[in-house]
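The values are calculated or read from the model by the stated rules, or taken from the named source; none is laboratory data. From a predicted model like this one, the values you see are computed outputs, not experimental measurements. All Cβ positions, glycine included, derive from the backbone under ideal geometry; neighbour counts span all protein chains shown. Areas reflect the complete protein model, heavy atoms only, side chains present, ligands, DNA and RNA absent. Shrake-Rupley method; radii C 1.70, N 1.55, O 1.52, S 1.80 Å.
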Amino acid sequence: DAEMSNRASLPRHPAVVGFGNQGGTVVDVEYELVDLRAFASNLRLYINNDASLPTLRQMRGDVLHIALDVRVEREGKPFIVLTEGKDYAAQHYVGLGELFSISPFHTVVVSNVNNGSSSSCLPRIFNMIGASDVVMNMYLPTRRAKKMFNELFYTKLLAGSPASRAYREALLEMAKTKEYSPAH
């Protein structure tokens, strides 16, 4: 499943920000963006110790690719898991409302979301703070599938396609391959 809005395209040379934790954790993002370095000239990665709320508040750019782990506390309040900023191994739990304190991005790609009911408000939050387009995976695909999707999606997005078209075309291309075809 994915949620998104359908609005204007990005600037010609968008600044892309990757945010999350290094591979091996639930919220890893680095491997998703390694290939993007080859054709995204304005790429900045904030991983491990830098994947903290203070860093997220200071980031500016056109595209935010963020890997989030959404959990629910005992009282039923959802939160996201980040690092404390000092120690990569230390987790810091941030209420979803804290996302309203970050700067707007034109396009937001949210990956690794593993809690559909609690995370269903994420696209609305990103839209309320200024995102025109939000792409959100509501399941954890294989790393290989993520790599293929991201390569197809970002190639089209950075070539000027609106996020909705880049998303749709990436899925259609994946469906044409034997490995990712729904009939396979």
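If the condition is being open to solvent by less than 70 Å² (accessible area, probe 1.4 Å) and either outside any strand (DSSP E or B) or modelled with pLDDT of 80 or more (or both), then the stretch 71-80 contributes 76, 78, 79, 80.
Can you find a residue that is in contact with an Asp or Glu (Cβ under 9 Å, 6 or more places away or on another chain) and over 24 Å from residue 127 (Cβ atoms) anywhere in the stretch 93-102? No. Could you tell me whether any residue of the stretch 30-41 is at pLDDT below 85, surrounded by fewer than 21 Cβ atoms within 10 Å (Cβ to Cβ), within 16 Å of residue 87 (Cβ to Cβ) and of a type outside the set (Phe, Trp, Tyr)? So far as the stretch 30-41 goes, no, none of its residues is at pLDDT below 85, surrounded by fewer than 21 Cβ atoms within 10 Å (Cβ to Cβ), within 16 Å of residue 87 (Cβ to Cβ) and of a type outside the set (Phe, Trp, Tyr).
Summed over the stretch 56-70, the residues that are touching a helix residue (DSSP H, G or I) at 6+ places or on another chain (Cβ under 9 Å) and surrounded by fewer than 17 Cβ atoms within 10 Å (Cβ to Cβ) give a count of 1. Residue 117 meets all of the listed conditions (1) crowded, with 16+ Cβ neighbours inside 10 Å; (2) hydroxyl-bearing (Ser, Thr, Tyr); (3) modelled with pLDDT under 85 but one, namely (1).
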